[in-house]
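The values are calculated or read from the model by the stated rules, or taken from the named source; none is laboratory data. Since this is a predicted model, take the numbers as computed values, not measurements. Cβ sites come from the backbone with ideal geometry, for glycine too, and all protein chains shown count toward neighbours.
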């Protein structure tokens with residue numbers, strides 16, 4: 001068996017904004033939005049971004065392996081938080097992957113995810129593509145309605161692949177359906193994009209690929225064409241001779257189009273439902289087209305991500321407050337109160353000393369007494385030990401735990417008050433006072449079970465920096481009896 | 001073997017400014033107000049002061065760094081002045097410095113003064129501020145009520161107390177302090193409240209509501225200390241002497257070791273044991289006449305009653321609701337109104353507490369005077385339940 005896909009994972013933010021809420025707020029200006037006011041779109045919580053979603057999706061994928069460390073990490077997005085601070089390296093350190101991993105950021109195209117995958121598979125190496133997108137659209141725009149935030153990951157390699165890579169082709173064409181030269185996207189007429197773009201560029205690449213793979217269009221069981229145009233995949237499929245039933249749902253009703261992450265998200269969804277022997281055709285469109293052909297193997301049922309697409313879609317909280325969406329996306333200047341005015345400078349030399357704690361969430365385990373602790377300080381915290389330099393690094397990112405103490409603080413500044421935080425006790429030892437994120441009112445008690453997640457802690461608007469750290473999230477499990 | 005501080009140092013005089021939203025007063029004005037009262041009470045001239053300790057908690061918002069702001073405000077005579085800062089225990093730390101100086105024999109008369117100007121921030125509550133470069137990277141952005149609210153959840157979980165019962169006991173703590181504060185002309189908040197008001201007030205940090213929080217105010221308090229012999233030679237009788245001065249500082253056990261469950265204050269338990277040993281107190285609930293404890297929040301006072309061994313473990317809710325710590329109870333707490341009604345100008349609070357016990361021991365507490373008190377306990381808590389500084393001092397008759 002050759003190269004191919006060995007695993008996949010996904011993350012869709014829990015918040016799902018009802019499109020009707022957007023339409024209701026904006027129809028006074030653009031009545032046509034009412035026609036789009038169906039279903040819901042995913043929205044990042046204020047502390048989620050491309051990197052944090054990428055950590056979730058990659059973690060979801062890696063959880064399906066036993067200690068797998070891909071030697072190459074491609075991170076694809078058009079909305080990286082940093083233009084020059086390698087986002088994939090932050091991702092790598094948050095995932096606690098080996099430092100000898102090749103980390104690459106790929107951006108500037110809706111094809112960033114598919115091109116990364118193609119490059120990785122053509123190169124023949126083991127690796128992982130993580131694609132993540134958090135596009136901001138102007139208030140009241142079609143993009144605001146039709147887009148969503150999401151991330152997905154696929155692992156590649158040889159050995160027991162779940163989907164064999166049969167071939168891939170790429171075509172470059174500076175067809176400017178849209179572009180982003182400043183803060184927001186600017187696009188051209190949909191009908192032109194469909195007729196001159198989708199219906200000409202995609203068939204050319206796909207036809208060439210199918211011919212080179214000696215495969216007929218009718219053999220395609222899963223056809224992925226990420227687009228915000230609802231009817232475009234059908235039109236392209238018809239032109240190519242692909243059965244209408246093969247079109248992979250664009251998740252418009254539940255997620256929206258997540259830019260460069262969308263092809264990988266849909267690929268993950270297809271892998272979740274594919275049966276052995278089925279053919280998956282993945283396309284990515286943007287200044288040309290990528291097309292990749294896979295065939296699911298007998299091992300397709302053998303890989304299980306932690307949650308997968310269906311799991312992350314099911315972890316949903318309905319949002320009806322459009323004003324909150326605007327605030328979370330920095331589309332309105334909110335009054336923060338004076339407590340929100342404090343300086344949030346990051347002292348980079350200090351951060352560098354604490355990267356293992358702040359990004360990788362490593363604590364320590366004492367070699368003398370066995371006490372697990374976080375943060376890892378010079379002396380062991382056990383009052384009976386206090387040994388010097390006695391601790392080995394100990395990972396907490398994969399640990400679960402329970403709430404010891406908590407509060408909902410309405411005095412301190414928080415972008416989504418109240419601020420929930422409290423003391424967490426980890427299974428296997430260690431405890432830490434942490435922020436809780438995305439707590440439902442009444443949804444936390446001492447004893448509540450938690451998992452931990454890499455999130456944005458603070459934004460520093462004066463310097464364009466953002467701080468990350470790990471936060472606890474309440475698991476929807478029964479409170480323990482202890 | 002050290003003998004401890006008991007009866008080695010006497011209080012020669014004390015002073016305390018009016019606490020409140022002192023829009024009219026600068027930190028220097030507040031210092032002078034407390035100092036003038038203190039000098040008059042001591043019956044000495046400022047030139048007799050040989051060394052001084054200056055407590056101020058949050059520099060950036062009022063006096064600035066170093067001991068100079070006090071030396072300048074009080075026109076001290078180029079004597080040694082030391083600035084101390086130990087969060088909410090700052091005032092007591094200034095007192096400890098002055099007392100130790102006298103006890104050591106290094107000087108005869110020493111001054112301790114604390115001040116804080118909190119009302120120049122432009123908003124309510126304590127000033128938002130950095131916790132330090134490294135802590136700011138990963139600590140929750142917790143407010144003081146947010147930190148102490150966790151004591152309530154930890155206590156509830158440990159003792160299986162339901163939310164309503166604990167909240168009612170917390171309300172009683174505040175109702176009692178407001179009743180006391182109403183009788184005190186120097187208090188900031190001088191209105192009685194009802195249990196229902198306290199229960200119904202909006203949450204600041206669940207389950208801490210508005211009336212579970214102490215006030216935020218400006219104020220200053222100070223003490224002049226000397227040896228009992230010098231005090232007598234200056235014509236003082238009914239001497240009030242220092243019986244114990246203890247401090248316990250967290251070493252990270254509570255925040256990072258599993259032995260602490262968030263239901264109590266480890267430092268208070270340790271400092272209390274040491275203070276009782278130092279003062280020779282064997283049965284604290286019987287021997288102590290009154291307490292001024294760090295009621296930054298009602299839950300802190302409630303839990304502190306257990307940590308000071310003045311209520312059995314898990315029994316504070318009942319003891320509070322039974323009125324044991326009310327003005328007429330068997331062991332009055334915050335007879336002056338406490339932080340609840342004085343507010344908490346950080347550098348001043350510890351000395352303000354000692355001031356009340358000093359007045360009570362001298363029979364000068366006016367409308368709130370207790371009958372024949374003999375021993376007063378002062379308790380300060382700086383920081384947060386999981387990481388804090390506890391100071392416990394005791395004063396009493398010689």
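Within the range B:183-205, restricting attention to residues that are within 12 Å of chain A (Cβ to nearest Cβ) and more than 17 Å from residue B:172 (Cα to Cα), which residue is surrounded by the most Cβ atoms within 10 Å (Cβ to Cβ)? Once the filter is applied, the top-ranked residue is B:205. Apart from one condition, residue A:301 fits all of (1) in the same structural domain as residue A:111 (by TED's automatic domain parsing); (2) outside any loop (DSSP other than H, G, I, E, B); (3) at pLDDT below 95; (4) surrounded by 14 or more Cβ atoms within 10 Å (Cβ to Cβ); the exception is (4). Taken residue by residue, the range A:272-282 has no member that is within 18 Å of the chain's Cα centre (by Cα), at pLDDT 95 or above and within 16 Å of residue A:165 (Cα to Cα). Could you tell me which residue of the range A:335-351 is nearest to residue A:143 (Cα to Cα), considering only residues that are part of a loop (DSSP other than H, G, I, E, B) and touching a residue at least 40 places away in the same chain (Cβ under 8 Å)? Checked the range A:335-351; the qualifying residue nearest to residue A:143 (Cα to Cα) is A:336.
Checked against the criterion of being outside any loop (DSSP other than H, G, I, E, B), surrounded by fewer than 23 Cβ atoms within 10 Å (Cβ to Cβ), out of contact with any helix residue (DSSP H, G or I) (no Cβ under 8 Å at 6 or more places or on another chain) and in contact (Cβ under 8 Å) with a residue 40 or more places away in the chain, the range A:420-430 has at least one qualifying residue. Taking the range A:436-453 as the search range and keeping residues that are part of a loop (DSSP other than H, G, I, E, B), surrounded by fewer than 20 Cβ atoms within 10 Å (Cβ to Cβ) and away from every other protein chain (no Cβ under 12 Å), which one is nearest to the chain's Cα centre (by Cα)? Checked the range A:436-453; the qualifying residue nearest to the chain's Cα centre (by Cα) is A:440. Condition test on residue B:66, is it in a loop (DSSP other than H, G, I, E, B), surrounded by fewer than 18 Cβ atoms within 10 Å (Cβ to Cβ) and on the phi > 0 side of the Ramachandran plot? Yes; evaluated as a whole, the condition is true for this residue.
Listed here are the residues, each with its yes/no results for (1) outside the structural domain of residue B:90 (by TED's automatic domain parsing); (2) within 20 Å of the chain's Cα centre (by Cα); (3) closer than 30 Å to residue B:386 by Cα.
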position: B:202; (1), (2), (3): yes, no, yes
position: B:233; (1), (2), (3): no, no, no
position: B:251; (1), (2), (3): yes, no, yes
position: B:262; (1), (2), (3): yes, no, yes
position: B:268; (1), (2), (3): yes, yes, yes
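With a requirement of 2 or more residues that are out of contact with any strand residue (DSSP E or B) (no Cβ under 9 Å at 6 or more places or on another chain), the helices (runs of 4 or more DSSP H) lying completely within the range A:108-221 that satisfy it span A:199-212. Among the residues of the range A:413-430, those identified as touching a strand residue (DSSP E or B) at 6+ places or on another chain (Cβ under 9 Å) and more than 10 Å from chain B (Cβ to nearest Cβ) are A:415, A:417, A:424, A:427, A:428. For residue B:75, the conditions (1) at positive phi; (2) buried (at least 20 other Cβ atoms within 10 Å of the Cβ) are fulfilled apart from (2).
Taken over the range B:363-384, the criterion of being crowded, with 18+ Cβ neighbours inside 10 Å and more than 24 Å from residue B:277 (Cα to Cα) is satisfied by B:365, B:368, B:383, B:384.
If the condition is being more than 12 Å from chain A (Cβ to nearest Cβ), buried (at least 24 other Cβ atoms within 10 Å of the Cβ) and not in a helix (DSSP H, G or I), then the range B:251-283 contributes only B:265. Scanning the range B:211-223 for residues that are in contact with a helix residue (DSSP H, G or I) (Cβ under 8 Å, 6 or more places away or on another chain) and either within 14 Å of chain A (Cβ to nearest Cβ) or in a loop (DSSP other than H, G, I, E, B) (or both) yields B:212, B:213, B:214, B:215, B:217.
Figure legend. Inter-residue proximity from the range B:10-23: first residues closer than 22 Å to residue B:244 by Cα, second residues at pLDDT below 95, beta-carbon distance below 8 Å, spacing 6+ or different chains. Indicated pairs: B:10/B:398.
Looking only at the range B:1-31, which residues are surrounded by fewer than 20 Cβ atoms within 10 Å (Cβ to Cβ), in contact with a helix residue (DSSP H, G or I) (Cβ under 6 Å, 6 or more places away or on another chain) and closer than 28 Å to residue B:216 by Cβ? Of everything in the range B:1-31, just one residue is surrounded by fewer than 20 Cβ atoms within 10 Å (Cβ to Cβ), in contact with a helix residue (DSSP H, G or I) (Cβ under 6 Å, 6 or more places away or on another chain) and closer than 28 Å to residue B:216 by Cβ, namely B:28. Looking across the range A:386-412 at every residue that is more than 30 Å from residue B:297 (Cα to Cα) and part of a loop (DSSP other than H, G, I, E, B), the one that is nearest to the other protein chains (Cβ to nearest Cβ) is identified as A:386. The helices (runs of 4 or more DSSP H) found wholly in the range B:101-209 and carrying at least 3 residues that are over 30 Å from residue B:18 (Cα atoms) occupy B:135-138, B:144-159, B:163-181. Among the residues making up the range B:93-129, those that are within 14 Å of another protein chain (Cβ to nearest Cβ) and touching a helix residue (DSSP H, G or I) at 6+ places or on another chain (Cβ under 8 Å) are B:118, B:120, B:121, B:122, B:123, B:125, B:126, B:127, B:128, B:129. Determine, yes or no, whether residue B:241 is assigned to a helix (DSSP H, G or I), touching a strand residue (DSSP E or B) at 6+ places or on another chain (Cβ under 9 Å) and away from every other protein chain (no Cβ under 14 Å). Spelling it out, it is not the case that residue B:241 is assigned to a helix (DSSP H, G or I), touching a strand residue (DSSP E or B) at 6+ places or on another chain (Cβ under 9 Å) and away from every other protein chain (no Cβ under 14 Å).
Filter the range B:130-142 for residues that are at the interface with chain A (Cβ under 7 Å from one of its Cβ atoms) and touching a helix residue (DSSP H, G or I) at 6+ places or on another chain (Cβ under 8 Å) and give the result. Passing the criteria: B:133, B:134, B:137, B:138, B:140.
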